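Working notes, structure below.
The values are calculated or read from the model by the stated rules, or taken from the named source; none is laboratory data. Just so it is clear, the structure is predicted and the values come from calculations on it, not from any experiment. Here the Cβ positions follow ideal geometry from the backbone for every residue, glycine too, while neighbour counts run over all protein chains shown. Surface areas here come from the heavy atoms of the whole protein model, side chains and all, with no ligands, DNA or RNA. Shrake-Rupley method; radii C 1.70, N 1.55, O 1.52, S 1.80 Å.
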Amino acid sequence: MKRLEDKILAEGLALSETILKVDSFINHQVDPILMYEIGQDFADHFKNSGITKVLTIESSGIAPAVFTAMALNVPMIILKKQTSKILKDHILQTNITSFTKGTSYELTLSKDYVSDADTVLIIDDFLANGEAAMGAIRLAEAAGAKIAGVGILIEKAFQNGRQRIISAGYHVYSQARVSKLGKDIIEFTDAD
């Protein structure tokens, strides 16, 4: 998605060979016009997939997932990273290790909102090693749902996340595929 790539080049900060900071428009401050366009693009790409729900992981995936769900006219489900005192019954959990933060957490889905009647689209902000996306897939499948695919805003194409998801049998659509990062270096490869 050219508009997203242009925004990354204009405002993104490559802090190292693996870290791209995009907090000015995706995950601290949010550009709602860009999120609207991102949602429209995901909806257009997956429009014939029979999607009944959009799933995302709190918190950076929420904005693009909301706009995607709105464009598809389906509910959006947030997979929780924090243990809730309210969500005690009817939950599914899986352990995730965050590449960026170097920490592990329990990803949680309420079984009240996803079932075997659903076909879900998973939306996330970054794809590096595929751990978060695979965790979301595990939870959706444990609830009985079918997976329409995984939509990613920014893929680090030099890491193994895409191959991991594809090897597991799922479609990945990335709007911006970063081929190289380095101090003040951001290069792209063709998006899907």
Too long at a 24 Å Cα-Cα cut-off: which of 81/111; 81/156; 80/111; 7/183; 47/180; 47/80?
47/180; 47/80
Restricting to DSSP H runs of at least four residues, report the calculated mean residue ellipticity at 222 nm for the chain, -39500 (n - 2.57) per run over all residues, nearest 500 deg cm²/dmol.
-8500 deg cm²/dmol
Residue-ordered couplings for segment 5-14, obtained by feeding phi - 60° into the Karplus form 6.51 cos²θ - 1.76 cosθ + 1.60 and rounding to whole Hz (Gly and Pro as x), are 4, 4, 5, 4, 5, 6, 10, x, 10, 7
Accessible area (Å², 1.4 Å probe, nearest 10) - residue 138:
90 Å²
If I take every Cα pair under 8 Å that is 6 or more residues apart in the chain, average their sequence separation and divide by the length, what percent do I get for the relative contact order?
21 percent
Where N is the number of residues in the chain, Cα Rg divided by 2.2 N^0.38 Å
0.97
To make sure I understand the rule: partners must be aspartates and glutamates, Cα under 12 Å from the Cα of residue 53, and not fewer than 8 residues away in the same chain. Which ones qualify?
116, 118
So, by mean Cβ neighbours within 10 angstrom, what's the order for 167-175, 117-125 with the highest one leading?
117-125, 167-175
Output the direction-averaged projected area (hull surface divided by four) of the convex hull of the alpha-carbon atoms of segment 84-168, in nm².
5.8 nm²
